[in-house]
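Presented below is the structure to which this report refers.
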Amino acid sequence: MKNEKEITLRGKNIPNPIQYFTDYNFPDYVMAEIRRQGYEAPTPIQAQGWPISLQGRDFVGIAQTGSGKTLGYILPAIVHINHQPYLERGDGPIALILAPTRELAQQILTVAQDFGSSSKIRSTCVFGGAPKGPQIRDLERGVEICIATPGRLIDFLEAGKTNLRRCTYLVLDEADRMLDMGFEPQIRKIVEQIRPDRQTLMWSATWPKEIVDVCQEMEKDTKLRQLLEEIMAEKESKIIVFAETKRKVDDLTRRMRREG
Ligand code: AMP
């Protein structure tokens, strides 16, 4: 299956892909819409992506438009939302999807509405170049899913029109394009406001070099040291290093102390 569909995977304990919609016990409200849309089988990115994201895990998906990636993250978002307490007055969205353009945001909204409406999940999209009033009204009425271009969302966050305190599911769609368009500072500013234990799904047509450095095991020490030096050269820098084991954490701490 993985070969046939040309899926490449990196990571630990990756669940097997599904082959049919019925391989996974999707809720009825999702299956009904899948039937209504006339989809026969999951696309490769859905077949592999759903089992991972439905486990609540973070995920970087490299897939082109046309691969079915939108439903790839909308369906788990809907399941996620249906497991959360209802929104209360003043709550912001549970799922936030950042996208580079108005056109993409609107396409995503269609999928979110098609699949969310049967379980009364409300979605809206906010983007620049359009009047703020209707977007603000949607946010204030309460939406479980907000699809946003970064600039307009920041305007609304700063003006207190919405907040990200309830957000536990974050999607960066076309992340490579957002970086190309210079959105990195805005993305950071938004992501900083979201609780760190959220689930994050990043989608990209290419591997975005700016934020992830994939390297060989033997290169790690040198790269880490370079990175620490670079960051510490900045004023008021603080760094958090995550490692997989307690032992590695001890090793790193000892080495950093030794090297001052
Ligand atoms: P996307 O890559 O999300 O832009 O989706 C591309 C197109 O594929 C959209 O028109 C979707 O309606 C369609 N699509 C998504 N999932 C499936 C599926 N499992 N089977 C057939 N078509 C799909």
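What three numbers, in Å, describe the spread of the alpha carbons of segment 1-89 along their principal axes, ordered from the longest?
Between the extreme Cα coordinates on each principal axis of segment 1-89 lie 46, 31, 24 Å.
Taking the Cα atoms only, what angle lies between the long axis of helix 44-53 and the longest principal axis of the chain, rounded to 10 degrees?
70 degrees
So how strong a dipole does the chain carry about its Cα centre when Lys and Arg Cβ are +1 and Asp and Glu Cβ are -1, to the nearest 20 debye?
Here the size comes out at about 600 debye.
Top mean-square fluctuation among 138, 91, 23, Gaussian network model of the chain, C-alpha springs under 10 Å?
Per the Cα network of the chain with a 10 Å cutoff, 23 tops the list.
Based only on other Cβ atoms within 10 Å, what is the fewest-to-most ordering of 9, 172, 224?
Placing the least packed residue first, the sequence is 9, 224, 172.
Looking at the chain, I'd like the Rg to Rh ratio, where Rg is from alpha-carbon atoms and Rh is Kirkwood's inverse mean 1/r.
Expressed as Rg/Rh, it is 0.99.
If the viscosity is 1.306 mPa s and the temperature 10 °C, what Stokes-Einstein diffusion coefficient in µm²/s follows for segment 47-157 when Rh is the Kirkwood radius over Cα pairs?
Answer, rounded: 110 µm²/s.
In what order do 169, 73, 29, 39 fall by count of nearby beta-carbon atoms within 10 Å, going from fewest to most?
39, 29, 169, 73
State which entries of 12/161; 223/246; 12/189; 161/248; 12/223; 69/238 exceed 32 angstrom in Cα-Cα distance in the structure shown.
12/161; 161/248; 69/238
In nm, give the distance between the simple-model label positions of residue 229 and residue 155, each being 7 Å from the Cα along the Cα-to-Cβ direction.
Between residue 229 and residue 155, the simple spin-label model gives 4.4 nm.
Under a 10 Å cutoff between Cα atoms, tell me which one of 13, 82, 163 has the largest fluctuation in the Gaussian network model of the chain.
Ranking 13, 82, 163 by mean-square fluctuation puts 13 first.
Two decimals, Cα atoms only, Kirkwood Rh: what is Rg/Rh over segment 140-260?
Ratio of gyration radius to Kirkwood radius for segment 140-260: 1.03.
Bear in mind these aren't lab numbers, they're just calculated from the coordinates by the rules spelled out. Remember, predicted model here, so these are calculated numbers, not experimental data. Cβ atoms come from the backbone with ideal geometry, glycine included; neighbour counts cover every protein chain shown.
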